[in-house]
Structure formats: structure tokens, C-alpha cells
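J.: One structure coming up, written as C-alpha cells, with questions to follow.
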Ligand SMILES: Cc1cc2nc3c(=O)[nH]c(=O)nc-3n(C[C@H](O)[C@H](O)[C@H](O)COP(=O)(O)OP(=O)(O)OC[C@H]3O[C@@H](n4cnc5c(N)ncnc54)[C@H](O)[C@@H]3O)c2cc1C
């Protein structure tokens, strides 16, 4: 990081999106008395990390644990949440062929679940991969996993879940994604840990995580309050519809509800809305090659069916990865196991059932009652709930949740990134904004660092997460997908 002492602060910063990235940026600017305005199409803050309240229950958009290796973000979370940032014991398992496997994988448990024959076959295929394939260069996710873990483990623990999440065969998912998410997963270490134990520090990290007492969105509600208290504005129900530019300078943003924002010569824009959408909203449009590249990038969409469950706690996990191919759901969350503040009483449990899809898929078109019926039927078939205990439910459909790193996406990504960087008074931030598979910590950090750039420091938010590894990944604890 360098500091430019001759730097002029912007007169005003317009921030598109009130998720972790946008609010992280606005909070940082507010702390330094830089005037800013945040606009968001939703009616509450937090973006993908928001928390919805329904009949006294609270639900995130899929499970959101807080974990970071980055000290700036860690301090930021603790500073904003104080005692409301609680420490939660972690239990997460994989459900596969009517059995539960601990995740992160515990070799003895996996052995018991797979049975001796399958375990021996898995171990043999792992050895084969390590002896004969380790020098091969993986082009796809399938090749990456097979080379690192062997074909059998790939089929048991990676293939079905990953294909449910991404909706394309693992052979068409770029190896970049595996390398980013599960780079340090070390099977030998996992075996050693299972047999001989692990150092206390690592155990603490992997067996607990932090979480705001009233859901992930609590952090973003508090940030919104602070930003407003500092005299800055956060507008909800305000969708960006057009972004005017003169050459490579953005001059204004037109939003729904007749809200228009001029971007003066000394002002700046930070954008966390999906990069493809930002490009498509530009007026006049960018060159055809840019629009073409944007048209080739895809985000995966996501449905959560949220159920109000009354009775005995149906399962002890925070969430369960559902690998079984005979049900359509991919993940299941029990928010009561995150914080007692997520349900109206100890007998109530908010369950979130996740379906990943593209918006053209039949499941996206299903009506809400049918989706709720599907979730209850699947949970009952998995023998996890008593259907009569489900007291109601609601459905959330979320567009553009996951940037899809399909094989061959890289040239389009590079084209868009280069174009975005050529805009003189704009910085892209966040997960959708930079088309990066960022979690909350990296999304927030990108906002904070972009804000600091406007205060005279020099950072490259695009580089966040590129080199950064999660400590826990060295211990075989990379989440298959968050
Ligand atoms: C199912 C799921 C589970 C996850 N689990 C975890 C987890 O356990 N831990 C973790 O750290 N992270 C997790 N994440 C990732 C986390 O949600 C994101 O990293 C984070 O929310 C990204 O923040 P952001 O600000 O970049 O983007 P977003 O949260 O997407 O915010 C972008 C904002 O822009 C707004 N917007 C978009 N288009 C427009 C428009 N045209 N006009 C105005 N506003 C617009 C949106 O409404 C949104 O509020 C998970 C994500 C998902 C989907």
C-alpha cells in the first residue's frame, strides 16, 4: 500500500448496492467525513447477506457464517457488532445415500459411512492419482479434483453437489474455481488429525465461527444506521436503471422512482451491482466486444424455501450439504443452531432449503406453494422432519448469486475487467461487481480498500482473494460452496 499526500478527496461518492461491499465502503467513507450516497433495489440492507424476518423467525439467504483471516475485516466486524457477535459451535455434515458424513471430512467417519469395500477402492484411486497424475495440468474442476483426490472420492464427495450448485457438468467448470476454493485441502493431514488430534488453535478456528445474534443482516442494519448517523444517505427500493457516460467518465445514474444522481467532475462511483448489469446499463453503450463478453458471462440463480418448524429440533447441524442425487435440494440450514435469536421460541426452528438454478429452469418458474411442498416432501423422504410440524413457509428467489467460472470464461472476464478499469471515476467492488467468488469478508474488504483509494491510499481490490488463502483450507475445511 502507498499513500499519495497530494491526493484530492472526491466531493461525493455514489455507491451502487447496499451489500457488504457497498456498506463497507460507505462506512469507511463516513468515518472519514466523505459525503456519500448508497442506492439499492432491495428494501433492506445486506444484499446476499441480508436477513429476512417472517412471523418472528429470521432467515439469511442461505447459511452465512462469518470467518476471515483478514485482520482489518475481523476488527471491523467486532467493532460494529460488539457483544452481538456471538461464537457458534460448528457442526456441518454431508448427506449422501441416506448417510451422514462429517464435513470437513473425518477419515474414520467417512470410512464407516462408505463401508470397507468402497473405502478401500477410494484409497486405491487416491493413491493412483497421487502416484501417476500429480504432474498433469487440470483444465476443469473434474480434472482438478480427480488429480488431487482420485476418481472415487470425486464421485462420492464432490460431483453431485457441485453439479447441483452450478448446473453444468464438472467437466465444464473451470479448474480456477477448485483451485480458489479447495486449494489447500490435504487428505494426509486430515487422516493424521483424525488419528492423532490437532493443535488447539486450528481446532478453535474450524470448530467455531462467529455470527451476529440476529442473523447476518444485523451487521448491515447496524452499518446502515451508522452511515445515516454520519449524515450520509442510504436509499432502498432504488434500482439502478441507466448509467450515463461521456467517454470513460460516468456522469450520472438514473434509478427507479425517478431518482437521478448527477456525478460531478470531482465525484466518484463505487459499483457492487453485477458487473454484466453495470455494463448493460451504460448509455451510450460500450463497444460491441464489451457487450459480447458481458453476454457470455453467467451468474447462477438461487431459491431458498424457508420453513417455520415447531417441535423438537430436527437435526443438530448448522447446515447440511445434500449430495444425494435423489433429492433436488443442495443444502439445508437450521438457523436455530446458529443463534437462539433466530426464532421466536426454543421450540421453533427456521429451516432454509436451497435450490440452485438458472432463471430459465422449470424450478424457477414453479409457484411458491409448490416449492414449499417440494421442500417438505424431500425433507420428509430424508426422514429429517415430521411434515405436520411445518407451520408455514415462504420463498426467496435471488438472481445473480454465484459468478459461474465455466471453462473458458477467463478471456471474457479479462475483457470486462479491463474495460471496467478504464473508467476514470469508477471502481468495481464486491462479489457480483467484480465477478469474483468472494465471501462477505473479501466483499467488505474490497469496499473498504476502494474507499481508502479515494482517501489517498493505493490498493487493487481486484487482487483480493487471488492470493489469499483461508487458513482452514489447509485443514480440509474449505466449504464446497458458500
Ligand atoms: C447461499 C449463499 C451462502 C453464502 N454463505 C456465505 C457464508 O457462509 N459466509 C460468507 O462470508 N459469505 C457467504 N456468502 C457470500 C456473501 O453473501 C457475499 O460474499 C456477499 O453478500 C457479497 O457482498 P456484495 O456487497 O459484494 O454483493 P451483494 O451482497 O450481492 O450486494 C449487492 C447489492 O447490490 C444490489 N443491486 C444489484 N443490482 C442492483 C441494481 N440494478 N440497482 C440497485 N441495487 C442493485 C443488490 O440488491 C444487493 O443488495 C454466501 C452467498 C450465498 C448466495
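The values are calculated or read from the model by the stated rules, or taken from the named source; none is laboratory data. Quick caveat, the model's predicted, so the values are computed rather than measured. Note that each Cβ is placed from the backbone with ideal geometry, even for glycine, and that neighbours are counted across all protein chains shown.
J.: Would you say residue 20 is modelled with pLDDT of 95 or more and surrounded by 24 or more Cβ atoms within 10 Å (Cβ to Cβ)?
T.: Numbers: modelled with pLDDT of 95 or more: yes; surrounded by 24 or more Cβ atoms within 10 Å (Cβ to Cβ): yes.
Yes, satisfied.
J.: Can you name the number of the only condition in (1) away from the ligand (no atom under 16 Å from the Cβ); (2) part of a helix (DSSP H, G or I) that residue 363 fails?
T.: (1)
J.: Still on this model: Are any residues in the stretch 216-232 in a helix (DSSP H, G or I) and over 13 Å from residue 77 (Cα atoms), and if so, which ones?
T.: Start the filter on the stretch 216-232 by keeping residues that are in a helix (DSSP H, G or I), which leaves 217-229.
Listed by number, the residues that qualify are 224, 225, 226, 227, 228, 229.
J.: If you check 318, 313, which single one turns out to be crowded, with 20+ Cβ neighbours inside 10 Å, outside the structural domain of residue 168 (by TED's automatic domain parsing), closer than 30 Å to residue 52 by Cα and modelled with pLDDT of 95 or more?
T.: Within the list 318, 313, the selection yields 318.
J.: Going by the conditions given, is residue 257 loosely packed, with under 15 Cβ neighbours inside 10 Å and closer than 23 Å to residue 46 by Cβ?
T.: Against the criterion (loosely packed, with under 15 Cβ neighbours inside 10 Å and closer than 23 Å to residue 46 by Cβ), residue 257 qualifies.
J.: Go through the stretch 38-65 and give me each residue that's touching a strand residue (DSSP E or B) at 6+ places or on another chain (Cβ under 9 Å) and near the ligand (Cβ under 6 Å from one of its atoms).
T.: Hits for the stretch 38-65 are 39, 40, 41, 48, 49, 61, 62, 63, 64, 65.
J.: Same structure again: If I go through the stretch 17-39 residue by residue, how many of them are under 18 Å from residue 428 (Cα atoms) and touching a helix residue (DSSP H, G or I) at 6+ places or on another chain (Cβ under 7 Å)?
T.: 15
J.: Residues that are under 19 Å from the mean Cα position of the chain (by Cα) and outside any loop (DSSP other than H, G, I, E, B): does the stretch 28-38 have at least one?
T.: No: the stretch 28-38 contains no residue that is under 19 Å from the mean Cα position of the chain (by Cα) and outside any loop (DSSP other than H, G, I, E, B).
J.: Considering only the stretch 387-403, state which residues are farther than 23 Å from residue 46 by Cβ and touching a helix residue (DSSP H, G or I) at 6+ places or on another chain (Cβ under 8 Å).
T.: Those that are farther than 23 Å from residue 46 by Cβ and touching a helix residue (DSSP H, G or I) at 6+ places or on another chain (Cβ under 8 Å): 387, 390.
J.: Identify all residues within the stretch 443-482 that are modelled with pLDDT of 95 or more, away from the ligand (no atom under 16 Å from the Cβ) and assigned to a helix (DSSP H, G or I); write none if there are none.
T.: Answer for the stretch 443-482, where residues must be modelled with pLDDT of 95 or more, away from the ligand (no atom under 16 Å from the Cβ) and assigned to a helix (DSSP H, G or I): 452, 453, 454.
J.: Here's a follow-up. Given the residues 352, 392, 432, 408, which is the only one that is surrounded by fewer than 14 Cβ atoms within 10 Å (Cβ to Cβ), touching a strand residue (DSSP E or B) at 6+ places or on another chain (Cβ under 7 Å), farther than 15 Å from residue 460 by Cα and touching a residue at least 24 places away in the same chain (Cβ under 8 Å)?
T.: On inspection, the qualifying residue turns out to be 392.
J.: Quick one: would you say residue 78 is assigned to a loop (DSSP other than H, G, I, E, B) and either surrounded by fewer than 20 Cβ atoms within 10 Å (Cβ to Cβ) or outside the structural domain of residue 220 (by TED's automatic domain parsing) (or both)?
T.: Criteria not met by residue 78.
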